[in-house]
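*Asks:* The structure follows.
The values are calculated or read from the model by the stated rules, or taken from the named source; none is laboratory data. All values derive from a computational prediction rather than experimental measurement. No Cβ is skipped: glycine too gets one built from the backbone with ideal geometry, and neighbour counts run over all protein chains shown.
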Amino acid sequence: MNKKIRVVIAKPGLDGHDRGAKVIARACRDAGMEVIYTGLRQTPEQIVETALQEDADVIGLSSLSGAHEHLFSRVCELLREKNAEDILVIGGGVIPEDDIPALEKAGVKKVFTPGTPTKEIIEYIKANVKK
Amino acid sequence: MVDIIESLKAGDKRAAARLITKAENNEKEAFEILKKLYDNTGNAYVIGITGPPGSGKSTLTDKLVKEIRKKYNKKVGIIAVDPTSPFTGGAILGDRIRMQDLSLDEGVFIRSMGTRGHLGGLSKATNYAVKVLDIIGMDYIFIETVGVGQSEVDIVKTADTTVLVMVPGLGDDIQAIKAGIMEIADIFAVNKADRGGTDRLVAEIEMMLDLNPENTPWKPPIVKTSAVSNKGVTELLDAIKTHKKFLKETDLLKTKRISNIETEILKIVKEELMSLITQKENHDKRKRLAVDVYHKKIDPFTAADCLIKIIKGG
Ligand SMILES: Nc1nc2c(ncn2[C@@H]2O[C@H](COP(=O)(O)OP(=O)(O)O)[C@@H](O)[C@H]2O)c(=O)[nH]1
Ligand SMILES: [Mg+2]
């Protein structure tokens, strides 16, 4: 047996660049994970379908605009519809502290604010991923 | 296990995704399931897409699959292999970036795989992933190889038709031709034909093909494509279909598949033997033999013979 953690990194919504998402992607790779990188402008439907086909253990969502609340929640909702809520959903990007409780209530397990060391994110994933 | 088998027979994508993971992780259960469902394999037509990194393999696959979906409404599986870092064991699998619109198509299933230390352009489990997608009813299966150049040998042993994607202006084109990867191509796609140097590259490939014996039954066609602007894709798909028809009519498809299965059996045997050799108890014996060789009590050839006898003895 030779299990690897598989992570889908996605940036839903129409805004901006994916620099932050790339940093996380590389950190996950360097921690020995397999990162499925999907690029910009993904809809929640695309992200969830990708995660199912790739049998992902983790979905990492990145957002730079105010649209995160709706988009992140929708991803969690779709996962529940597909009986796939065992996939660990985490978020990052420019997300005001005030928005975090609502996101966590929607099913995002953890939201990382800008400046969180990547090491902390990796450790969180390793500790919380469903084995 | 019964549940999984029924789900797979019904074409369940989630069950397929999980089974591929099990095969990748080398879980025994995966192989037990594949044994039970082996009768359901062999229906899909497998197309390999190989060529250097950045030549447009993913973009071209995306366009070919869209064409198949639109024109023939057949189901398509895609397996995209990217390199695993030998240092960390991690990988960034980025081929889906070029296939974003396909992820919501009901009739398409895309799976990204890391090589996980396997050389030869595919991962060890790629072959199993092909079977899984075959079982859930995919009519065509595309395999995009790593594309590291000269070691793309696995794909010919896995695919029915292999497309070699080349691009003009990658430096010394002739060098690539000499390197001996050209033999694997059933079809050449000269991609990025929107750029300069296309005709020169086509001429070079033609020249190289002219060196082949004249009576070879299949002469690989060269198709100019521009994947980003969806040009030449219909022609490339036609070439694939022509090759498929040729293989079927000449019965070469059967010959080729039997030869591939032979390779597959050999691989499984090799792995079983390797795992026998590396078992703990044999490890200790090996260590002792090495010490004996060091002290010149025996030579390494005799030591190897001893080890083989131990394995044969069970
Ligand atoms: N100019 C041009 N660029 C292309 C063409 N096909 C692909 N590309 C670009 O080449 C780059 C690599 O393509 P990709 O499909 O990822 O290549 P792969 O590494 O072989 O899978 C991308 O930026 C594509 O947009 C083409 O026909 N013409
Ligand atoms: Mg690619």
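*Asks:* Can you tell me which residue in the range B:229-252 is farthest from residue B:163 (Cα to Cα), limited to those that are in a helix (DSSP H, G or I) and basic (Lys, Arg)?
*Replies:* That would be B:248.
*Asks:* Check B:62, B:3, B:12 and return the single one that is under 19 Å from the mean Cα position of the chain (by Cα) and among the acidic types (Asp, Glu).
*Replies:* B:62
*Asks:* Hey, can you tell me all the residues within the range B:127-154 that are at pLDDT below 95 and crowded, with 24+ Cβ neighbours inside 10 Å?
*Replies:* B:145, B:146, B:154
*Asks:* Something else about it: Do we find a residue being more than 14 Å from ligand 1 (Cβ to nearest atom), of a type in the set (Val, Ile, Thr) and closer than 22 Å to residue A:31 by Cα anywhere in the range B:72-82?
*Replies:* no
*Asks:* I would also like to ask the following. If the requirement is being away from every other protein chain (no Cβ under 11 Å), closer than 24 Å to residue B:82 by Cα and touching a Pro at 6+ places or on another chain (Cβ under 7 Å), which of these qualifies: A:71, A:61?
*Replies:* A:61
*Asks:* Any idea which of B:32, B:27 is at negative phi and at pLDDT 95 or above?
*Replies:* Answer to the selection: B:32.
*Asks:* Also, quick follow-up: Does residue B:41 satisfy the criteria of being more than 19 Å from residue A:55 (Cβ to Cβ) and surrounded by fewer than 23 Cβ atoms within 10 Å (Cβ to Cβ)?
*Replies:* Against the criterion (more than 19 Å from residue A:55 (Cβ to Cβ) and surrounded by fewer than 23 Cβ atoms within 10 Å (Cβ to Cβ)), residue B:41 qualifies.
*Asks:* Filter the range B:96-113 down to the residues that are under 20 Å from residue B:51 (Cα atoms) and more than 15 Å from the chain's Cα centre (by Cα), then identify the one that is nearest to ligand 1 (Cβ to nearest atom).
*Replies:* B:98
*Asks:* Given the conditions (1) in a strand (DSSP E or B); (2) more than 9 Å from chain A (Cβ to nearest Cβ); (3) over 29 Å from residue B:265 (Cα atoms), report the number of the one that residue B:92 does not fulfil.
*Replies:* (2)
*Asks:* If I go through the range A:31-48 residue by residue, how many of them are of a type in the set (Ser, Thr, Tyr) and either surrounded by fewer than 24 Cβ atoms within 10 Å (Cβ to Cβ) or assigned to a helix (DSSP H, G or I) (or both)?
*Replies:* Final tally of qualifying residues: 1.
*Asks:* Restricting the search to the range B:32-60, which residues are within 16 Å of ligand 2 (Cβ to nearest atom) and outside any helix (DSSP H, G or I)?
*Replies:* B:47, B:48, B:49, B:50, B:51, B:52, B:53, B:54, B:55, B:56
*Asks:* Pairs please, first residue from the range A:25-37 and more than 7 Å from chain B (Cβ to nearest Cβ), second anywhere and among the hydroxyl-bearing types (Ser, Thr, Tyr), Cβ atoms under 6 Å, 6+ apart in sequence or on different chains.
*Replies:* The qualifying pairs are A:27/A:118.
*Asks:* State whether the residues of the range B:9-30 include one that is touching a residue at least 24 places away in the same chain (Cβ under 8 Å), away from chain A (no Cβ under 13 Å), within 16 Å of ligand 1 (Cβ to nearest atom) and closer than 26 Å to residue B:254 by Cα.
*Replies:* So far as the range B:9-30 goes, no, none of its residues is touching a residue at least 24 places away in the same chain (Cβ under 8 Å), away from chain A (no Cβ under 13 Å), within 16 Å of ligand 1 (Cβ to nearest atom) and closer than 26 Å to residue B:254 by Cα.
Residues are listed down the side, and each one gets a yes or a no for (1) within 9 Å of another protein chain (Cβ to nearest Cβ); (2) within 16 Å of ligand 2 (Cβ to nearest atom); (3) not in a helix (DSSP H, G or I):
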position: B:62; (1), (2), (3): no, yes, no
position: B:69; (1), (2), (3): no, no, no
position: B:74; (1), (2), (3): no, no, yes
position: B:79; (1), (2), (3): no, yes, yes
position: B:84; (1), (2), (3): yes, yes, yes
position: B:98; (1), (2), (3): yes, yes, no
position: B:120; (1), (2), (3): no, no, yes
position: B:131; (1), (2), (3): no, no, no
